[in-house]
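> Can you read through this structure? Questions will come right after.
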Amino acid sequence: MKKFQAEIDVMPKKEILDPQGKAVTGSMKNLGLSEIHNIRIGKHISLEIDAENEETANAKVDTACKSLLANLIMESYSFSVKEL
């Protein structure tokens, strides 16, 4: 059994309103940073997984994202896996 590290990014889908991102965009203007715009806020998840190989680790992380870590109706996700 090998150990792997997964780095997962979950973001609101582009067609979904992101109120948190809109609020931060407005705050940037108040700070004099109006050149920063279209902010989207998501979440980053880091986890370790035990698996026989990288292919199995990828499959398990994908299942975790689809089943629990991302709401597929409103969010998209991407991830990378590397052996520790």
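> Provide the net charge surrounding Glu54, with neighbours chosen by a C-beta distance below 10 Å and charges set as Lys +1, Arg +1, Asp -1, Glu -1.
-1
> Which whole-number percentage describes the relative contact order of the chain, with Cα contacts under 8 Å and a sequence gap of 6 or more?
It rounds to 52 percent for the chain.
> While we're looking at this one, here's another question. Starting from the amide H of Glu75, placed 1.01 Å from N in the peptide plane, find each other amide H under 5 Å away whose residue is 5 or more places distant or on another chain.
Those lying under 5 Å, H to H, from Glu75 are Lys13.
> 222 nm [θ] for the chain, helices only, -39500 (n - 2.57) per DSSP H run of 4+, per residue, to 500?
For the chain, the value works out to -8500 deg cm²/dmol.
> Then there's this: For the chain, build the charge dipole from Cβ charges (+1 Lys, Arg; -1 Asp, Glu) around the Cα centre, then report which of Ser34, Asn71, Leu84 sits farthest towards its positive end.
Ranked along the dipole, the leading option is Ser34.
> Let me make sure I get this right: for region 22-84, a, b and c are the square roots of the gyration tensor eigenvalues over alpha carbons, sorted descending. Under 1.5 in a/c it's rounded, otherwise prolate if a/b > b/c, else oblate. Which is it?
Prolate is the answer for region 22-84, as a/c is 1.5 or above and a/b outweighs b/c.
> Do the alpha carbons of any pairs in Lys22/Lys43; Lys2/Lys66; Lys60/Lys82 sit beyond 21 Å of each other, and which pairs?
Lys2/Lys66
> Also, I was wondering about something else. Between Ile73 and His44, what length in nm is gained on full extension when 0.36 nm per residue of separation is reduced by their alpha carbon distance?
Between Ile73 and His44, full extension yields 8.6 nm more.
Laboratory data are not the source of any read-out in this text; all were calculated from the coordinates shown. Computed from a predicted model, the values in this text were never measured in an experiment. Reconstructed Cβ throughout: ideal geometry from the backbone, glycine too, with neighbour counts over all protein chains shown.
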